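Here the structure comes first, spelled out in structure tokens, and everything after it is commentary.
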Amino acid sequence: MSVVLIAAGWSAAIGVLGLAVGWLTRSRSFRWLLSLVAVVGVTSVVAGVVGTARAMFLSDHDFGVVLLVCVVAGLVAVGFAATVAAAVVRSSNMLREGARHFAESGAYAQKADGPSELREVAAELARTSARLFESREREQRLELSRRELVSWVSHDLRTPLAGLRAMTEALEDDVAEDPGRYYRQMRTEVDRMVRMVDDLFELSRIHAGVLQLNPEPMALRDVVSEALAGAEPVARAAKVRLGGTVEEMAMVCADPAGLTRVVANLVMNAIGHTPPEGEVTIEGRRFSYGGQDRVELSVRDQCGGIPVTDLRRVFDVAWRGTPARTPIQPGGGAGAGLGLAIVRGIVEAHHGQVTVHNQDPGCRFVVTLPAA
Ligand SMILES: Nc1ncnc2c1ncn2[C@@H]1O[C@H](COP(=O)(O)OP(=O)(O)OP(=O)(O)O)[C@@H](O)[C@H]1O
Ligand SMILES: [Mg+2]
């Protein structure tokens, strides 16, 4: 028993000493720290043996042999620790190189290697790099749409303004053949410009985060009915049928004007992109996902499909496809590419999502909102 106590005392003393040295040199390299661990381990064994030699009644010869074995084992342990430390240092150097390259180029491309903790740091850096790449890409797309917005808005305002000026000059000079038609045309152009300015104003409020929402529980069916009442004349003029059903139990807590606008924008787009004799289908249902009750509204058209590369851009501000694809809007004139950006802004302000995918023979816009 006393042998154990003496050995424990000596080993603990060396351990405490090792801890103190380790603490004082804690900021040094792995190489040093791992070697220190090996040295402390072996030294505490040697100290235990030396301390208990007398209590074990070892002869001088045996004591010398035990000491020799300890020294050889110590050398092997220190060599092993140094090799492991060199491998860890190499991995951490690679990690540092990768991080430096990441800082310079914004991309982390180093292969994960070494102990699991270092591999986890490398994986975290790779994830951050991917997120950075995504947000940079988004930023570039936003910048592009901002530039497009300015050029399109100025074009869209210049064209009707030039027309208005020509018509007012003709009326002023009394050279208009059919003044009544001129007045109607002027009214249409002014309405379109007012709509565009209203949309721009709404978008700027959405982007500034100051959109005023007054949510109240309501049936999705009522909102759809209201939006359809407004779209019906346009659909009739375009010879497009409006169909589909909305479940009665699909209740949402939303701003009535905002949600009506969402439905109206989607339905008007769908009508505008569906050929005559085609059909637009509006569907609403309640479902449960991940233990949460949600309400889904979908608007399906027969546009022939949106090119896959365009699918992720349709919600961008001022994006309206290639000029050849941009149809004349119901009610005359091309759109400003603001409708879907407004839809996304309003839906996200309600903690919902809007997505689009192709579904033969057209595409399907799906809005998901928390159920009331
Ligand atoms: N239902 C749809 N089917 C096919 N393409 C669509 C549909 N809805 C939108 N798109 C495409 O997405 C673009 C952007 O739509 P968005 O509603 O934002 O703008 P817009 O309809 O062109 O103009 P407005 O600001 O008047 O709504 C459209 O120009 C069109 O190319
Ligand atoms: Mg639109």
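Conditions tested, residue by residue: (1) within 11 Å of ligand 1 (Cβ to nearest atom); (2) over 24 Å from the mean Cα position of the chain (by Cα); (3) modelled with pLDDT under 85; (4) not β-branched (Val, Ile, Thr).
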| residue | (1), (2), (3), (4) |
| --- | --- |
| Leu311 | yes, no, no, yes |
| Ala318 | yes, no, yes, yes |
| Ile328 | yes, yes, yes, no |
| Ala336 | yes, yes, yes, yes |
| Gly339 | yes, no, no, yes |
| Arg344 | yes, no, no, yes |
| Gln353 | no, no, no, yes |
| Ala371 | no, no, no, yes |
**OP:** For region 216-229, state whether one or more residues are at positive phi and open to solvent by 50 Å² or more (accessible area, probe 1.4 Å).
**Re:** no
Original post:
When region 132-150 is examined, which residues are found to be open to solvent by 60 Å² or more (accessible area, probe 1.4 Å) and hydroxyl-bearing (Ser, Thr, Tyr)?
Top reply: Ser135
**OP:** Give me a count of the residues in region 198-227 that are acidic (Asp, Glu) and away from ligand 1 (no atom under 16 Å from the Cβ).
**Re:** 3
**OP:** Report whether or not Val262 is open to solvent by less than 30 Å² (accessible area, probe 1.4 Å), of a type in the set (Val, Ile, Thr), more than 8 Å from ligand 1 (Cβ to nearest atom) and more than 27 Å from the chain's Cα centre (by Cα).
**Re:** no
Original post:
In region 203-221, how many are in a helix (DSSP H, G or I) and at pLDDT 85 or above?
Top reply: 2
Subject >> Given (1) away from ligand 1 (no atom under 11 Å from the Cβ); (2) at pLDDT 90 or above; (3) over 14 Å from Arg344 (Cα atoms), index of the condition Ala270 fails >> reply: (1)
Original post:
Among the residues of region 265-305, how many are more than 13 Å from ligand 2 (Cβ to nearest atom), more than 29 Å from the chain's Cα centre (by Cα) and open to solvent by 20 Å² or more (accessible area, probe 1.4 Å)?
Top reply: 6
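Of the residues Ser129, Ser91, Ser59, only one is open to solvent by less than 60 Å² (accessible area, probe 1.4 Å), in the same structural domain as Trp10 (by TED's automatic domain parsing) and at pLDDT 85 or above; which?
Only one candidate qualifies: Ser91.
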**OP:** Return only the number of the condition from (1) surrounded by fewer than 12 Cβ atoms within 10 Å (Cβ to Cβ); (2) outside the structural domain of Arg313 (by TED's automatic domain parsing) that Ala123 does not satisfy.
**Re:** (1)
**OP:** For region 234-330, please list each of the strands (runs of 3 or more DSSP E) lying entirely inside it that holds at least 1 residues being touching a residue at least 60 places away in the same chain (Cβ under 8 Å).
**Re:** 251-254, 279-289, 292-300
Subject >> Selection from region 29-56 of residues that are open to solvent by 60 Å² or more (accessible area, probe 1.4 Å) and assigned to a helix (DSSP H, G or I) >> reply: Phe30, Arg31, Trp32, Val37, Val39, Val45, Val50
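The values are calculated or read from the model by the stated rules, or taken from the named source; none is laboratory data. Since the structure is predicted, the reported quantities are computational estimates derived from the model, not experimental observations. No Cβ is skipped: glycine too gets one built from the backbone with ideal geometry, and neighbour counts run over all protein chains shown. Heads up: the accessible areas ignore ligands, DNA and RNA and are worked out on the full protein's heavy atoms, side chains in. Shrake-Rupley method; radii C 1.70, N 1.55, O 1.52, S 1.80 Å.
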